[in-house]
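Please read the structure below before turning to the comments.
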Amino acid sequence: MVATLYINGLWREASDGGSHDVQSPHDQSVVATVSQASQTDVLDAIAAARASFDSGVFTSWSFKERSELVAKIADLLERDADVIARKESDDTGKRFIEAQYDVADVVATFRHFASLGAKEHGRSVDVGIAHVSSRIVHEPLGVASLIGPWNYPLLQIAWKVAPALAAGCSFIIKPSELTPQSAIALTKIIEEAGTPKGVANLILGPGSVVGSSLISDPRVDLVSFTGGLTTGQTIMKAAATTIKKLALELGGKNPHIIFADADLDAAIDNAVTAAFLHSGQVCSAGTRLIVERSVHDRVVTEIVHRAGKIKLGGPNDESAETGPLISKSHLANVSTYVEKAIAEGATLLIGGERSDKAEHAKGWYFLPTVFDNCTSDMSCVQDESFGPIMTVEIFDTEAQAIAIGNDTVFGLSGGLWSGDSQKCARVASALRHGTIWVNDFGPYRPAAEWGGYKQSGIGRELGEHGLGEYLEIKHIWTNNAPSRSGWFKDL
Ligand code: NAD
């Protein structure tokens, strides 16, 4: 039996003995067997988190003490980086080196929140009355459910766990059932670093089975969720009954605009990376290419040429440039998306199907795909495929480029390429997305906020706001010279 649930400071099996095999997307081999929590386990984890929070065992620590804990976790993650990266690449199918980059980003995330937390002192407010002192204090928000996706499993959970610890919250981590191993490793490190029991808890299993209490139990104060739009809608509805705080990082359909006056060589290269990195399984993937008419043919021809040369391969294939899709069902979704695009009249230029190479036969490999002659009304342009699929639209004017780039229910990120700095500034300001890259696409840093406009989410992770999501704000007004109010007549 496996004991991979962590509840109230103890590693334990599921109370009903449930377990789950994690399969490699590369070849369907079983890479791990983990516990699958029962409803009893979920309720135990919530109870443990609530009790630890209410006991003050962690909230009584100063911000400085908690920052030291978060920094220690960063050190331990760095110590175990390669072991964790191996687990992450086994679960996700991504190359080992990509998983190593992810773990390095996770370490940087913990260091960012350690340093931010250490500076957290609230603030004084001048209320204009000499004998009144007024302070804004920041307090830990409470118990948080931290629910993550499978594409960057450890990174997305780290964006929640690091600020939750720095703020003094208690929490339940729920990684994707497809990719649980790195969350188990992180929880072991949180324990080793000396986190009080009950503060961090780990629940494993499908959201449809273990998710309901995590999002509706009245003992949970905040749900921080990263995942798909539909799940986000379910969570928002369920959270309404108890007016929970919500932090939602949802999907994206991210415009990538290339003006004719851009450095086309750099723009084309970045367009290929933006769409096909991690086989498009990136919330901020630049899969919606919007190109100025005069350079369309050159840009698209070169992208198709490059897409055809991308080398697919598994976690241990050092020559591979991108890996498989996460699962059979996701491959089916991506295939359906392609069929719909063709039915809608988009022109398939390359890809559109599974790789037929013998070495990919057991995995969920899908070829880099480019659709031309797309228009904003097509579902392939509007819907997130979360696969290696680029759609191409044409514009003639700056105003058209902006209008197309904003014609989406999402608002996570976008990029634009132009050699005209004033045009860049105008377009960056007009695009309604949470991150805009100018003459670049994709980078992010822990010090800068990340999150979506419109249906891409609520709230922000990283930056300073990322800590704020886990804090309550209290105003304490102290009158140092008490007197009668004199408002009502003294009868
Ligand atoms: P998903 O919504 O299917 O699942 C995400 C998590 O929610 C998983 O842990 C899952 O088990 C859980 N879950 C599912 N149903 C639930 C329920 N009813 N109650 C509680 N939990 C539930 O998403 P996914 O397929 O794992 O991830 C892909 C999606 O994540 C894409 O849409 C992508 O754009 C998005 N994403 C967004 C960001 C961002 O920063 N905005 C980052 C990464 C991924």
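Every number in this text was worked out from the coordinates using simple rules, so none of it is lab data. This one's a predicted model, so the numbers in the text were calculated from it and none came from an experiment. Cβ placement follows ideal geometry from the backbone for every residue including glycine, while neighbour counts extend to all protein chains displayed.
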The size of the Cβ-based charge dipole (Lys, Arg +1; Asp, Glu -1) of the stretch 325-462 about the Cα centre, to the nearest 20 debye, is 460 debye
Once Lys and Arg are counted +1 and Asp and Glu -1 for all other residues with Cβ under 12 Å from that of GLU384, the total becomes +1
Taking 0.36 nm per residue of separation between SER208 and LEU43 and subtracting their Cα-Cα distance, the length gained on full extension comes to 57.9 nm
Mean Cβ-within-10 Å packing, highest first, puts peptides 467-476, 481-490, 127-136 in the order 467-476, 127-136, 481-490
Taking every C-alpha to C-alpha distance in the stretch 103-168 and binning by 10 Å from 0, the per-bin percentages run 19, 36, 24, 13, 7, 1
1/(1 + (r/R0)^6) with r = Cβ-Cβ of MET236 and ALA3, R0 = 30 Å, i.e. FRET efficiency to nearest 0.05, evaluates to 0.35
Kirkwood-based Rg/Rh on the Cα set of the stretch 318-447 evaluates to 1.01
Expressed in angstrom and rounded, the centroid-to-centroid distance over alpha carbons for the stretch 322-366 and the stretch 393-460 is 27 Å
Taking Cα atoms only, Rg over Rh for the chain with Rh from the Kirkwood formula is 1.02
Projecting the Cα atoms of SER133, THR234, PRO446 onto the charge dipole of the chain, where Lys and Arg contribute +1 and Asp and Glu -1 at Cβ, the residue farthest towards the positive end is SER133
Protection proxy (average C-beta count within 10 Å per residue), highest first, orders 169-176, 391-398 as 169-176, 391-398
Plugging the Cβ-Cβ distance of GLU449 and ALA266 into 1/(1 + (r/R0)^6) at R0 = 22 Å yields, to the nearest 0.05, a FRET efficiency of 0.25
A chain fully extended from ALA428 to LEU348 at 0.36 nm per residue, minus the present Cα-Cα distance, gains in nm 25.8 nm
For the table LYS87/LYS244; LYS188/LYS237; LYS174/LYS245; LYS160/LYS237; LYS160/LYS474, the rows whose alpha-carbon distance is greater than 25 Å are LYS87/LYS244; LYS188/LYS237
Short to long, in 5 Å steps from zero, the percent of alpha-carbon pairs of the stretch 338-400 per bin is 4, 17, 26, 20, 14, 11, 5, 2, 1, 1
Using alpha carbon centers only, the stretch 69-126 is separated from the stretch 138-187 by a whole-angstrom value of 11 Å
A convex hull over the alpha carbons of the stretch 66-139 yields, per residue, a volume in Å³ of 104 Å³
Taking every other residue with Cβ under 13 Å from the Cβ of PRO368 and scoring Lys and Arg +1, Asp and Glu -1, one gets +2
Ranking LEU277, PHE63, SER485 by how far each Cα lies towards the positive end of the charge dipole of the chain (+1 on Lys and Arg Cβ, -1 on Asp and Glu Cβ), the top one is SER485
Most packed first (mean Cβ within 10 Å per residue), the peptides 56-62, 200-206 order as 200-206, 56-62
Any helix of the chain counts here only if DSSP assigns it H throughout, its Cα atoms span 27 Å or more along the axis, and its mean Kyte-Doolittle hydropathy is at least 0.0, and such helices are 96-118
For LYS423, the lysines lying under 25 Å Cα to Cα, once residues fewer than eight places off in the same chain are dropped, come out as LYS253, LYS454
For the stretch 220-324, shape from the Cα gyration tensor axes a ≥ b ≥ c, cut at a/c of 1.5 then a/b versus b/c, turns out oblate
What the 5 Å binned alpha carbon P(r) of the stretch 403-491 shows, as percent of pairs per bin from 0, is 3, 11, 15, 15, 13, 8, 5, 5, 4, 5, 6, 5, 3, 1, 0, 0
